[in-house]
Amino acid sequence: MAKKTAGESEEAKLKKKLTTKKADDGGAAVRALRKRLKREQRRRRSLALRQKHAAGKKAATPAK
């Protein structure tokens, strides 16, 4: 399976969909989109935290 293209992120797509659906008040559809968005945000944050921990003390020094 090929990697996804680096165009628009999944998080950005979900945010767009959520703002359009929110105006329509879709009920279950809006709730499902919100859950998917939160899952993507958790995934992004956990990845950043893993990379920070993997870098060790080097991450603590500010990049110049």
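The values are calculated or read from the model by the stated rules, or taken from the named source; none is laboratory data. Please read these numbers as outputs of a predicted model, since none were measured by experiment. Quick reminder, even Gly has a Cβ in these numbers, built from the backbone with ideal geometry, and neighbours come from all protein chains shown.
Do the conditions hold for Lys58, that is, is it surrounded by 11 or more Cβ atoms within 10 Å (Cβ to Cβ) and either modelled with pLDDT of 90 or more or of a type outside the set (Gly, Ala, Ser) (or both)? Can you show your working first?
Numbers: surrounded by 11 or more Cβ atoms within 10 Å (Cβ to Cβ): no; either modelled with pLDDT of 90 or more or of a type outside the set (Gly, Ala, Ser) (or both): yes.
So Lys58 does not fit the description; no.
Can you tell me which residue among Gly7, Gly26 is surrounded by 10 or more Cβ atoms within 10 Å (Cβ to Cβ), of a type outside the set (Lys, Arg) and modelled with pLDDT under 75? Quick ask: steps written out before the conclusion?
Values: Gly7 fails: surrounded by 10 or more Cβ atoms within 10 Å (Cβ to Cβ).
When all the criteria are applied, what remains is Gly26.
Give the residues of the stretch 29-54 that are of a type in the set (A, V, I, L, M, F, W, C) and either at pLDDT below 90 or surrounded by 12 or more Cβ atoms within 10 Å (Cβ to Cβ) (or both), sorted by residue number.
So in the stretch 29-54, the residues of a type in the set (A, V, I, L, M, F, W, C) come out as 29-30, 32-33, 37, 47-49, 54.
Passing the criteria: Ala29, Val30, Ala32, Leu33, Leu37.
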